[in-house]
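Engineer: Here it is, the structure, as structure tokens.
The values are calculated or read from the model by the stated rules, or taken from the named source; none is laboratory data. Everything numeric in this text was worked out from a predicted model, so none of it was measured. Neighbour counts run over all protein chains shown; Cβ positions are idealised from the backbone, glycine included.
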Amino acid sequence: MSTEKIKCLIIGSGPAGYTAAIYAARANLHPVVYEGIQPGGQLTTTTEIDNFPGYPEGVSGLVMMDDLKRQAQRFGTDVRFGIVTRTDLSSRPFTVEIDNEKEIQAEALIICTGATAKYLGLPSEEKFKGQGVSACATCDGFFYKNKDVAVVGGGDTACEEATYLAGICKKVYLIVRRDVLRASKAMQERVFDTPNIEVLWNHNTKEILGDDFGVTGALLVNNKTLEEKVINIHGFFLAIGHHPNSEVFRPWVETNAEGYIITDGRTQRTNVPGVFAAGDVQDPQYRQAIVAAASGCKAAMDVERFLQES
């Protein structure tokens, strides 16, 4: 197995990873970025982005991530395709194995592997992803202004997204598989006090319906009566949680109960000196591209300071 020694290694190629690379490259840290299993990150599955500064007419996720990639490369970032298969962060230089065939030894590491939204696993869900199916109401809700939409979930996130969408959309169906909400009392009250939210208790989604233009409805089944019903909607929002992609780093870095990497205060430092985390892999709260980009900037600046002092 070949071994390569570098100064700064960045794992992940979403807004956090590429922004970290831009700052690290401009600081002459000669960063190497491994894109991971989804080059460009979650945003590459988003058809239109309207809330990222600098794109007044909006931009597709693919185009924006390509812009960030090219900007990082302009300053000398070495962008490579590859997946981390093993890590040893017990001492510096840190050892990261790529695709079971190459070993990277890095003086500093920035983890930007993101978080994957949980989906129901329906084939129709995959078919209409980006065409009415979304896992981010804040990102995509605007496109369904004055239309009917549905949110799946029963926790705080689902209730928060339902009330957010209620301020934009004509009607919001909240599809809950149980007969109670798991959300906090305050969030439940917000849902119940919002007149254009209809809670569909004891329902599961059997199929998402649509045509060449996108989602047109959803086929639901009542868990108790087994009765089926169709709701007419244009947007179908998943709010059943996210899975942080931190498994390969967990033997070394500290995470919370859900697997999100814990960072120190206002910095991007982890519990391992020289290892930093940015983006959705350490952010269970905001999960926005602009926040991920900002954390990538901070991580690169933290790395620069760390290397100067070590």
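Engineer: Would you list the strands (runs of 3 or more DSSP E) that sit entirely within the range 81-151 and hold 1 or more residues that are hydroxyl-bearing (Ser, Thr, Tyr), touching a strand residue (DSSP E or B) at 6+ places or on another chain (Cβ under 8 Å) and modelled with pLDDT of 95 or more? Give the derivation first.
Structural biologist: Values: elements: 84-88, 94-98, 102-111, 115-117.
By residue number, 84-88, 94-98.
Engineer: Has the range 204-212 got at least one residue that is more than 22 Å from SER91 (Cα to Cα), assigned by TED's automatic domain parsing to the domain that holds ASP179, crowded, with 17+ Cβ neighbours inside 10 Å and in contact with a His (Cβ under 6 Å, 6 or more places away or on another chain)?
Structural biologist: no
Engineer: Scan the strands (runs of 3 or more DSSP E) fully inside the range 202-276 and keep the ones with 3 or more residues being touching a strand residue (DSSP E or B) at 6+ places or on another chain (Cβ under 6 Å) and under 30 Å from LEU109 (Cβ atoms). Outline the logic, then answer.
Structural biologist: Numbers: elements: 203-211, 214-222, 228-232, 235-238, 242-244.
Strands (runs of 3 or more DSSP E) meeting the threshold: 242-244.
Engineer: Within the range 246-259, track down each residue that is in contact (Cβ under 8 Å) with a residue 24 or more places away in the chain and surrounded by fewer than 20 Cβ atoms within 10 Å (Cβ to Cβ). Even if it seems obvious, please write down each step before you answer.
Structural biologist: If we filter the range 246-259 for residues that are in contact (Cβ under 8 Å) with a residue 24 or more places away in the chain, which is where we start, we get 246, 248-249, 251-253, 256, 258.
Passing the criteria: VAL248, PRO251, TRP252, ASN256, GLU258.
Engineer: Scan the range 29-45 and tell me whether some residue there is of a type in the set (Asp, Glu) and more than 19 Å from ALA277 (Cα to Cα). Give the derivation first.
Structural biologist: Step one: of the range 29-45, the residues of a type in the set (Asp, Glu) are 35.
From what is left, the residues that are more than 19 Å from ALA277 (Cα to Cα) are none.
No, every residue in the range 29-45 fails to be of a type in the set (Asp, Glu) and more than 19 Å from ALA277 (Cα to Cα).
Engineer: Further question on the same structure: Output yes when any residue across the range 138-161 is farther than 21 Å from LYS118 by Cα, in contact (Cβ under 8 Å) with a residue 24 or more places away in the chain and polar (S, T, N, Q), and no when none is. Let's see the steps before the verdict.
Structural biologist: First pass over the range 138-161, keeping only residues farther than 21 Å from LYS118 by Cα: 142-148.
When the remaining residues are screened for being in contact (Cβ under 8 Å) with a residue 24 or more places away in the chain, the result is 142-148.
Within this subset, residues satisfying the condition of being polar (S, T, N, Q) are 146.
Yes, the conditions are met somewhere in the range 138-161.
Engineer: Specify the residue that is nearest to ILE110 (Cα to Cα); the eligible residues are those in the range 19-58 that are of a type in the set (Val, Ile, Thr) and assigned to a helix (DSSP H, G or I). If you could, list the steps in order and put the result at the bottom.
Structural biologist: Narrowing the range 19-58 to residues of a type in the set (Val, Ile, Thr): 19, 22, 32-33, 37, 44-47, 49.
In the following step, the residues that additionally are assigned to a helix (DSSP H, G or I) were identified as 19, 22, 44-45.
On the way: THR19: 11, ILE22: 13, THR44: 21, THR45: 23 Å.
This residue is THR19.
Engineer: Hey, another quick one. Search the range 218-244 for residues that are touching a residue at least 12 places away in the same chain (Cβ under 8 Å) and farther than 30 Å from ILE261 by Cβ and pair each with any residue that is in a strand (DSSP E or B) and among the basic types (Lys, Arg) when their beta-carbon atoms are under 6 Å apart and the residues are at least 6 apart or on different chains.
Structural biologist: Every condition considered, the pairs that remain are LEU219/LYS206; LEU220/LYS229; VAL221/LYS206.
Engineer: Within the range 77-93, is even one residue surrounded by fewer than 14 Cβ atoms within 10 Å (Cβ to Cβ), of a type in the set (Val, Ile, Thr), closer than 18 Å to SER2 by Cβ and in contact with an Asp or Glu (Cβ under 9 Å, 6 or more places away or on another chain)?
Structural biologist: yes
Engineer: Quick one: count up the residues across the range 106-142 that are surrounded by fewer than 19 Cβ atoms within 10 Å (Cβ to Cβ) and among the aromatic types (Phe, Trp, Tyr).
Structural biologist: Within the range 106-142, residues that are surrounded by fewer than 19 Cβ atoms within 10 Å (Cβ to Cβ) and among the aromatic types (Phe, Trp, Tyr) number 2.
Engineer: Kindly indicate whether TYR55 is in contact with a Leu (Cβ under 8 Å, 6 or more places away or on another chain) and within 25 Å of ILE290 (Cβ to Cβ). It would help to see each step written out before you state the result.
Structural biologist: Details: in contact with a Leu (Cβ under 8 Å, 6 or more places away or on another chain): no; within 25 Å of ILE290 (Cβ to Cβ): yes.
Here the answer is no, as TYR55 does not meet what is asked.
Engineer: Next up: Hey, VAL172 hits all of (1) outside any strand (DSSP E or B); (2) buried (at least 19 other Cβ atoms within 10 Å of the Cβ); (3) free of Cβ contacts under 8 Å to residues at least 40 places away in the same chain; (4) not aromatic (Phe, Trp, Tyr) but one; which does it fall short on?
Structural biologist: Evaluating VAL172 over (1) outside any strand (DSSP E or B); (2) buried (at least 19 other Cβ atoms within 10 Å of the Cβ); (3) free of Cβ contacts under 8 Å to residues at least 40 places away in the same chain; (4) not aromatic (Phe, Trp, Tyr) leaves (1) as the failure.
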